[in-house]
Amino acid sequence: MAKVLYIDYERCIGCKACVIGCEECSGHDHLSRMFVDELNPGETVATSPTPCMHCVTPACAESCPVQAIAIADDGTVLSASLEKCIGCKNCTYACPFGIPRVDDVKKVMYKCDMCYDRTSKGRPPMCASVCPTDTIRFVDEHEIKSEPPKEVQFKWDFGGTVIETRTVIGLPDTETNRYGYREGDGVQS
Amino acid sequence: MGHAQNKDYAQRDYDAILRDGEELISTHCCFCGMQCGMNIRVNKEDKSVLGVEPRYDFPMNGGRLCPKGVSAYRQAEHVERLNHPLIRKNGKLEQATWDEAMDLIVSKIQEIQGKYGKDAFGIYSGSSMTNEKCYLMGKFARIGLGTKNIDYNGRYCMSSASVGFNQSIGIDRGSTNPWSDIKFADVLLIAGSNTAECHPLSMPYIWGARDRGAKLIVVDPRQTKTALVADVHLDIRPGTDVAIANGLLHVMIEEDLVDHDFIQKHTTGFEELKELVKKYTPAHVSEITGVAVDKIITAARLFGQAKNGFTMFARGVEQHATGTDSVSNYVNLCLVTGKMGRKGSGVATFTGQGNGQGGREHGQKTDQLPGFRKITDPKAREYIAGVWGVDESEIPGPGLSAFEMLQALGKEIKGLLLICSNPIVSSPTVGDVGEYLKSLDFFVCMDFFLSESAEQADVVLPSTVWVEDNGTMTNVEGRVLRVKGIDRTPGETKRDWKVICEIAERLGRGQYFQFNSPEDIFNELRVASKGGTADYYGITYEKLDKMQGVFWPCPTEESEGLPRLFEDLKFNFPDGKARILAFEHKGPNEKTSKDYPIILSTGRVVFHYLSGNQTRRIEALRNFCPDPYVEIHPNLAKKYNIEHGEFVKVSSPRGSIELAAKVTKITREDMVFVPYHWGKSLAINHLTNPALEPKSKIPEFKVCAVKLEKIASRAGEKHG
Ligand code: SF4
Ligand code: SF4
Ligand code: SF4
């Protein structure tokens, strides 16, 4: 059964172990493909990791003039092939999530490929392997989409165009405050 | 998976990937007390270290690692590793041979001890070393050198927890329960611990409890990531832990949320506590701590009403002039509500240093002999003398504690051996500490990088790094585990234990140090600890492998160790009853004043470890957090007209430091926070107060009084 990334923002501590871990996957050339952002710096310590969302119909691959971005049988959107990529950055502009980067020196695109080296052998990607807080998990796609442990999002509306992603995001429960996740109220003193 | 004791842990069902031409060395992280398991990828041919591969089957972390753990292996081939012995010649450290270095060391030891007596040569040891090395240092001090002056940097770290646990429950194991028990708590009270950043691998357990519906109470002056997700965040003024615990106790007693049966059968001292906390009403406590009344009441109810629960704490509670009181007072919360001795109920302190636990058990603490024996106890002395094959009178008495020892340098102590520590960054008033070190007649240091302290030494000996180490460590739970090294000693590096044995040999004490391997040392340690509180006698290397670590006490060969203490509710006192102790709030040693109106607190960031000697050299970690900074609340920043990123001079009565401002709402308005992992002009310990806790001798790192002055912003410089 195909497995995907499930990311529970609430748990992220911004430690970037995922970023350093990503470098450890063979085939990543010691170049990380994971990003971690501060959600509201100065207000809170909340952070979130951003890997590729592995879109069901990936704009990056569709926009690539030389078809360098392959989609694996399990749906993983791979990094551009070294041989084919011409470094044109079309993918960077096309991706609504801003994921593909281009190495300006080597003139080649690189992005999260879910550690295909590992996942194709049945092991979790490095980010999901090392993440110390279980923020990033490697789970069954069908299960996480049909019976999520909390409210999740995997459909995104970009001005009327709905994009379904294989990466699933667990949303902070600010309403019932089940985990007390209060954005930015700081300390009281 | 594996042994039954590991059933509820976080391991995962995957195999590690093995790549062509490589072998995997399964070992443990060298940093914090979680002691996460990992595989090191090693080139089969030349034994070079290539990378890290998750070790999914180790129960504690199941392959997960924090950024320090992921990048730790990068030290192994680091260009700055020390490769040769160094001797100071004409003021400069120059390459030397081992013979030259050893000759010099031995002649200096003899000269100093001949002139000033045995105790004039001291050892300042560390707690990030294997149990074998820690044990060896204690033995080497007492019968190799014959000095009473040995202490270790764990004095700065866990000593208040140690005293607190001993006086309340009679045993100093950092956790009464296996870590997997955390998942079964209904309430978790975490105090003075930025768990998410300092012990990230505890988070799966905390989330495990949360997923089951457990409530989380966090006591911390800052809204750390741990506090951000808490049900109640008690945002206390630093140094008011005794008061907040008294407030919680007050409400629980008042609302009858205590366990009378447990109190009556298994504790003493409740009546005194009840009497004392009467005046600690929520309103009064709110005044002292700055925490809103309703939050105090809510927290007390959440804790009191829950069936099972933990109180857990760390340096934020311990590094105070009243650290031991605070520890015992947090233990009181569990004692009065009967949360002890069950799955999901107990107390724990987060171990800061890799082997903070084992390091304090086997006799490198100045007041202790192996197995947690008191050095002043005649029976203990006699037993250890027997193990060591010496006369009881040959074992010296207690000497000076870590910071006292530094203060005595150049005075009672003329020569110093420093191993595995960097006191010139980690001590309070580091400016003075630099002067103390300079006043030594002779200073020898063993390390694998040239730390700020090593830079001042007369002789520096190059050690192996942790991936080359073989031995055991004891983690945050009290689980003794096996560290397996790569069999190599690059350049002219040597293993610490061999160096120590060789010095002993040259001093004519070699007969007591006939060890051929760490396992030899461990086997002697087992006997030395036999019958002591931390009894390792039944633990063997074989058992450690088979069970993925063994919990102490493990007194016999048949025993499999004791993951959960006090299931029989017999505490470690002759009457079997735990001690409920009552404490008045005294507050920090240094109070704020007109001249120094703001509280300074210090702590860690997730990217660095202790003095930063190791992590600052790992590029990835350094890039994520290159410099220290001062966290200032927006309202406080406004008062001083400080903008985010601007430089600020922070001064205490002892010194000052210039730092970039990080303006953030996560910290209180009456305080500032600075991380402590940098040396020289960036060491925040220039400012901290050297006041010592009277019982544990821990310095009051967590509170001192400072003032802020804005300085002209420097163009082009960014804050970290
Ligand atoms: S490793 Fe996990 S917790 Fe750390 S930054 Fe990445 S997602 Fe967040
Ligand atoms: S998120 Fe971006 S990079 Fe990933 S598949 Fe979608 S379009 Fe491509
Ligand atoms: S520093 Fe601590 S939490 Fe991080 S990997 Fe090492 S042992 Fe685990």
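Nothing in this text is a laboratory measurement; each read-out follows from the coordinates by a stated rule. What you are looking at is a predicted structure, and each value in this text was computed from that prediction instead of being measured. For neighbour counting, all protein chains shown are included, and Cβ atoms are generated from backbone atoms with ideal geometry for every residue, glycine included.
A few notes on this one:
- The residues listed here are A:12, A:25; of these, the one that is closer than 20 Å to residue B:17 by Cα, among the hydrophobic types (A, V, I, L, M, F, W, C) and either more than 11 Å from ligand 1 (Cβ to nearest atom) or more than 7 Å from every other protein chain (Cβ to nearest Cβ) (or both) is A:25.
- Residue selected from region A:41-58 under the condition surrounded by 22 or more Cβ atoms within 10 Å (Cβ to Cβ) and under 19 Å from residue A:166 (Cβ atoms), by the criterion nearest to the other protein chains (Cβ to nearest Cβ): A:49
- Selection of region B:78-99 for residues being among the acidic types (Asp, Glu) and without any contact (Cβ under 8 Å) to a residue 40 or more places away in the chain yields B:94, B:99.
- Residue match in region B:76-90 (condition: buried (at least 20 other Cβ atoms within 10 Å of the Cβ) and either within 16 Å of ligand 1 (Cβ to nearest atom) or within 30 Å of residue A:123 (Cα to Cα) (or both)): yes
- Residue under evaluation residue B:627, criteria (1) assigned to a strand (DSSP E or B); (2) in contact with a Gly (Cβ under 7 Å, 6 or more places away or on another chain); (3) surrounded by fewer than 22 Cβ atoms within 10 Å (Cβ to Cβ), criterion not met: (1)
- Candidate set: region A:13-27, residues that are of a type outside the set (D, E, K, R), buried (at least 18 other Cβ atoms within 10 Å of the Cβ) and touching a Phe, Trp or Tyr at 6+ places or on another chain (Cβ under 8 Å); chosen: the one nearest to residue B:607 (Cα to Cα): A:15
- Helices (runs of 4 or more DSSP H) contained in region B:216-314 and holding at least 3 residues more than 14 Å from chain A (Cβ to nearest Cβ): B:241-254, B:260-266, B:270-277, B:282-289, B:293-305
- Residue tally, condition hydroxyl-bearing (Ser, Thr, Tyr) and either in a loop (DSSP other than H, G, I, E, B) or away from ligand 3 (no atom under 16 Å from the Cβ) (or both), over region B:65-108: 2
- Within the set A:32, A:79, the sole residue that is within 14 Å of chain B (Cβ to nearest Cβ) and in contact with an Asp or Glu (Cβ under 6 Å, 6 or more places away or on another chain) turns out to be A:32.
- Filter pass, residue B:183 being farther than 21 Å from residue B:568 by Cα, in a loop (DSSP other than H, G, I, E, B) and either within 16 Å of ligand 2 (Cβ to nearest atom) or touching a helix residue (DSSP H, G or I) at 6+ places or on another chain (Cβ under 9 Å) (or both): no
- Of the residues examined, residue B:28 is not one that is over 16 Å from residue B:201 (Cβ atoms), away from every other protein chain (no Cβ under 13 Å) and either more than 16 Å from ligand 1 (Cβ to nearest atom) or crowded, with 24+ Cβ neighbours inside 10 Å (or both).
- Taking region B:31-55 as the range and being in a loop (DSSP other than H, G, I, E, B) and either within 22 Å of the chain's Cα centre (by Cα) or within 16 Å of ligand 1 (Cβ to nearest atom) (or both) as the test, the residues that pass are B:31, B:32, B:33, B:34, B:35, B:36.
- Where residue B:60 falls short, out of the listed (1) under 26 Å from residue B:455 (Cα atoms); (2) within 13 Å of ligand 3 (Cβ to nearest atom): (1)
- Residues that are at the interface with another protein chain (Cβ under 8 Å from one of its Cβ atoms) and touching a residue at least 40 places away in the same chain (Cβ under 8 Å), drawn from region B:55-70: B:56, B:61, B:63, B:64, B:65, B:66, B:67, B:69
- Applying the set (1) away from chain A (no Cβ under 14 Å); (2) in contact with a helix residue (DSSP H, G or I) (Cβ under 8 Å, 6 or more places away or on another chain); (3) hydroxyl-bearing (Ser, Thr, Tyr) to residue B:48 leaves exactly one unmet item: (2).
- Filtered residues of region A:67-93 (kept if over 16 Å from the mean Cα position of the chain (by Cα) and β-branched (Val, Ile, Thr)): A:69, A:86
- Subset of region B:492-513 (residues that are among the acidic types (Asp, Glu) and out of contact with any strand residue (DSSP E or B) (no Cβ under 7 Å at 6 or more places or on another chain)): B:502, B:505
- Residue in region B:475-487 that is surrounded by fewer than 21 Cβ atoms within 10 Å (Cβ to Cβ) and over 30 Å from residue B:59 (Cα atoms) present: no
Per-residue answers, yes or no, for (1) in contact with a helix residue (DSSP H, G or I) (Cβ under 6 Å, 6 or more places away or on another chain); (2) within 16 Å of ligand 1 (Cβ to nearest atom); (3) of a type in the set (Lys, Arg):
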residue	(1), (2), (3)
A:52	no, yes, no
A:63	yes, no, no
A:74	no, no, no
A:90	yes, no, no
A:96	no, no, no
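- Set side by side, the residues A:109, A:126 differ, and just one is among the aliphatic types (A, V, I, L, M), touching a residue at least 24 places away in the same chain (Cβ under 8 Å) and more than 16 Å from ligand 3 (Cβ to nearest atom), which is A:109.
- Any hit, region B:592-604, residues being surrounded by fewer than 23 Cβ atoms within 10 Å (Cβ to Cβ), within 16 Å of ligand 1 (Cβ to nearest atom) and within 26 Å of the chain's Cα centre (by Cα): yes
- Number of residues in region B:631-667 that are in a strand (DSSP E or B) and within 14 Å of chain A (Cβ to nearest Cβ) equals 6.
- Residue within region A:24-32 that is within 16 Å of ligand 2 (Cβ to nearest atom), among the polar types (S, T, N, Q) and within 10 Å of residue A:127 (Cβ to Cβ) present: yes
- The single condition among (1) surrounded by 23 or more Cβ atoms within 10 Å (Cβ to Cβ); (2) within 20 Å of the chain's Cα centre (by Cα); (3) in a helix (DSSP H, G or I); (4) touching a residue at least 24 places away in the same chain (Cβ under 8 Å) that residue B:193 does not satisfy is (3).
- Across region B:4-25, the number of residues qualifying as assigned to a loop (DSSP other than H, G, I, E, B), within 12 Å of chain A (Cβ to nearest Cβ), touching a residue at least 24 places away in the same chain (Cβ under 8 Å) and acidic (Asp, Glu) comes to 2.
- Residue check for residue B:118: on the phi < 0 side of the Ramachandran plot, within 14 Å of chain A (Cβ to nearest Cβ) and over 15 Å from the mean Cα position of the chain (by Cα): no
- Looking only at residues of region B:353-397 that are buried (at least 16 other Cβ atoms within 10 Å of the Cβ) and hydroxyl-bearing (Ser, Thr, Tyr), we find that the one that is nearest to the chain's Cα centre (by Cα) is B:366.
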